[in-house]
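Scroll down for the structure; my scribbles are underneath it.
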Amino acid sequence: MGEIQELAGRREGSGPLRGAPSPLLADFTRLREAIDRRLGELVPSAEQRPQSLNGAIRHALLAPSKRVRPVLAYLVAAPDEASHAAVLDAACALEMVHTASLILDDLPCMDDAALRRQRPTTHVAFGEATAILAAIALMNCAYGILADIDALPAETRSRLSAIMARAIGCEGLVAGQELDLNFRDGLDRDAVEDVNWLKTGVLFVASAEFGAVIAGLGPRETAAIGRYARHLGLAFQTADDLLDQTAAAADIGKDVGKDGGKPTLVSMLGVERARLSFEEHLAQADAALVESGVSPEPMRALVSRIFAAKGIVTP
Ligand code: GRG
């Protein structure tokens, strides 16, 4: 059975999305291009005043990226052609939050990075103040987009906003970043995984939850797809830490060696055991995926693609 037919089968009777499945579900390249195009439409043009701010937003947001989080949300939502545009906008809102977090993470007061997404970091190109304002603008733009998706019921939009707020806030990205910057001494493996969970896993889970809420998945399926995204996020962060130790900046389009003295799974366990932990998370992710009832093939293709883009071959 082809990917599209399989997705159609999964959704029959299981959610509000029932028409012919969006063809982008079976074509990552076109899906990523659609995300890129829509992101470009959702933010002001670089000619609009203040050009520096809008230029900074576009510089960060439209730089080459794997678009993992919006693709994940889109695959779980599995829209039909009629709901494609609404799902794409919700997915773009996630990408905006992720990009805002990258801009902030790269600042001199945080990771002090010079290269991101194959470009100079936003503060290097536009100055620190404009970079901070661009990140704030992107986050607010994200909430505005969610509120404006008229094709989704108000209750769904409100649930998406709540998921996003939780993922960013005191029990999400912001907390993870604070722990990463200021509480790295004496951490054991579990504590390091906790930081990884907050910095990376939380937004992966929020992306899967976006898809689950839009598709109307039941509680059991939603919990399982959340577990899938959690393990995928942890594998992803471990891969990032492995690359920080082993890759060249030019190959991955961002600074390496930024982990410096920070404990990571790689510095604690060594490259071999960190690689094993990466593989364990991927195996657990796959088991949860099967439990979720979400069509596994597009998700598996996503996994091998995102890690291949990082130069990592998955089992
Ligand atoms: C207020 C949104 C907000 C955040 C504040 C700065 C901060 C708190 C959090 C930073 C979290 C962070 C940057 C975690 C690293 C996540 C990670 C693995 C990034 C790399 O993601 P990829 O590989 O990058 O998906 P591309 O460029 O492909 O999108």
Quiz item: Taking Cα centroids, how far is the stretch 260-298 from the stretch 208-222 in Å?
Solution: 22 Å
Practice problem: Quantify how much of the Cα-Cα distance distribution of the chain extends past 35 Å, in percent. | Solution: 16 percent
Quiz item: Pick from Arg58, Arg273, Arg117: which is most flexible by mean-square fluctuation in a GNM of the chain where alpha carbon atoms under 10 Å apart are linked?
Solution: Arg273
Quiz item: Taking the mean number of other Cβ atoms within 10 Å as a proxy for protection, how do you rank 92-105, 121-134, 61-74 from highest to lowest?
Solution: 92-105, 61-74, 121-134
Exercise. Kindly count the pairs of lysines across the chain whose alpha carbons are less than 17 Å apart, treating pairs on different chains or eight or more residues apart as eligible.
Key: 6
Self-check item: Gaussian network model of the chain, Cα within-10 Å springs - most flexible of Asp286, Asp180, Asp148
Solution: Asp148
Quiz item: At 222 nm, what helix-only mean residue ellipticity would the chain give, in deg cm²/dmol to the nearest 500, using -39500 (n - 2.57) for each DSSP H run of four or more?
Solution: -22000 deg cm²/dmol
Practice problem: Quick one: which residues, 5+ away or cross-chain, put their amide H under 5 Å from the amide H of Leu115? H built at 1.01 Å from N. | Solution: Thr121, Asp255
Practice problem: Give a residue-ordered list of calculated ³J(HN,Hα) values for the stretch 201-212 (Karplus: 6.51 cos²θ - 1.76 cosθ + 1.60, θ = phi - 60°; whole Hz; x for Gly, Pro). | Solution: x, 4, 6, 5, 5, 4, 5, 5, 5, 3, x, 5
Self-check item: Val290 versus Ala147: modelled label distance in nm, points set 7 Å from Cα along the beta carbon direction
Solution: 4.5 nm
Self-check item: Per principal axis, descending, Cα span of the stretch 11-147 in whole Å
Solution: 51, 27, 21
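Bear in mind that the values in this text are calculations on the coordinates, not laboratory data. In this text the structure is predicted, and so the values were computed from the model without any measurement. Backbone-built Cβ (ideal geometry, glycine too); neighbour counts: all protein chains shown.
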